[in-house]
Amino acid sequence: MENRPQPLELSEILRVYGAGYIESHDICSNQLKAINDIVNCRTSQLNGHLKRCDHCGHYEQSYNSCRNRHCNKCQFMRQAVWVDHLKGKLLPGKYFHVVFTVPDSLNKLFYINQGACYDMIFKAAWSALDGLCRNPGFLGARTGAVAILHTWTSTLLYHPHVHFLVPSGGLSEDGMEWLMPRGKFLVPVKVLSKIFRAKCADKLCRLILKKQLRIPDGMDVNTLKKIVYNKDWVVFTKDSGKSSDRVLEYLARYTHRVAIGNNRITKLENGKVTFRCKDPKMGTYNRTITLDATEFIHRFLQHILPCGFYKIRYFGILSPSCLPLMNVCRSLIGQSVYLPKLEGLPIYDVLHIVTGIDPSRCKVCRKGRLIPAFNANAG
């Protein structure tokens, strides 16, 4: 028996069609591990523990989670703890949400060199933003950012891009003032886009010349430059809220999200998967798309990150190495330090605080508490 709160889950699709996909396709070890972890998550394959109600004697079996970062059942609590921890680090005030994207024509290059190219996007985006913010003609101050990598669209197509959350302001070079932007944004977005494109082109060419990238057929440095400068690169920005709490709520949507959640999968029938996707005009998930199970699995596996790759990064005055500067900024802006309330707590206590539901209360008698009975090797 398995814990299955959703009528249809990603794990069920992988369980039914994953073996066939593995036999007919070449996949890397990370993708194979992700499939196995998601299929076995919260099942007897990962063992579990048995609890007994201290009032009515009811026994309840729970199975262990896989804790894979690509599993859509294992991210909720990690997200809650991470956001609570970050509350003590973010500066108060308004924030900007900035999205840096790369053109589709570079998708193949990026996919076969994921670690190097994803790392390059982070560095190029921050270098462009930091350089413009320090320019006296614009903000003239040091700022920071929390950055998150995403590689998908709502239809699971491959679309690498990074989300930056940037405070609306920065610390003056002498460390004596907190400076606010002169216009609607920190820096001109069109200028930021062109600098980001130039920095990406430079970094990619350097990697190619050093033979640190695998090159798709028909591509060299000159071809790459033509592709890079063939069209404008999209950099999008907007306000994300007026308080740090609103900022955290906004950021939580992006941090521990995986390519697709179980709540979006609506049907598995005759070898086809139907799931909800975003309507670009309305901005809501009220459209559906149907794919062959093989194509669905292929699209999902494109977004399995390289082993050990950090998809969340901190830059500038928001980085852990700049804690003294963060304290200076707080004193200039004015803010009491928030103490995380979830850090170090057992997972059951975290779940109780976040959801308001006590997972230790017996679901049968509603009076007793579930206490460990004995370690169970389920199966």
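Data for the structure
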| quantity | calculated |
| --- | --- |
| Test: residue in segment 19-33 that is of a type in the set (D, E, K, R), more than 18 Å from C71 (Cα to Cα) and assigned by TED's automatic domain parsing to the domain that holds R366 | yes |
| Tally, over segment 318-368, of residues that are free of Cβ contacts under 8 Å to residues at least 24 places away in the same chain, of a type in the set (A, V, I, L, M) and either outside the structural domain of A145 (by TED's automatic domain parsing) or not in a helix (DSSP H, G or I) (or both) | 3 |
| The one condition in (1) touching a strand residue (DSSP E or B) at 6+ places or on another chain (Cβ under 6 Å); (2) at pLDDT 95 or above that L332 fails to fulfil | (2) |
| Flag if G308 is on the phi > 0 side of the Ramachandran plot, assigned to a loop (DSSP other than H, G, I, E, B) and at pLDDT 85 or above | yes |
| All positions within segment 270-295 that are in contact with an Asp or Glu (Cβ under 8 Å, 6 or more places away or on another chain) and either more than 20 Å from V16 (Cβ to Cβ) or charged (D, E, K, R) (or both) | K272, Y285, N286, R287 |
| Answer residue from segment 47-85, given it is of a type in the set (S, T, N, Q) and part of a loop (DSSP other than H, G, I, E, B) and is farthest from the chain's Cα centre (by Cα) among those | N47 |
| All positions within segment 163-217 that are closer than 20 Å to S127 by Cα, touching a Cys at 6+ places or on another chain (Cβ under 7 Å) and in contact (Cβ under 8 Å) with a residue 60 or more places away in the chain | G170, L171, L186 |
| Sole residue being of a type in the set (D, E) and modelled with pLDDT of 85 or more, chosen from E249, E177 | E177 |
| A124 being modelled with pLDDT of 95 or more and of a type in the set (A, V, I, L, M) | yes |
| Test for I208: is it in contact with a helix residue (DSSP H, G or I) (Cβ under 6 Å, 6 or more places away or on another chain), at pLDDT 90 or above and in the same structural domain as K94 (by TED's automatic domain parsing) | no |
| Verdict on R287 being surrounded by 13 or more Cβ atoms within 10 Å (Cβ to Cβ), among the basic types (K, R) and at pLDDT 85 or above | yes |
| Lone unmet requirement of (1) assigned to a helix (DSSP H, G or I); (2) at pLDDT 80 or above; (3) closer than 30 Å to E9 by Cα for V258 | (1) |
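The values are calculated or read from the model by the stated rules, or taken from the named source; none is laboratory data. Because the structure is a prediction, the values reported are computed rather than measured. All Cβ positions, glycine included, derive from the backbone under ideal geometry; neighbour counts span all protein chains shown.
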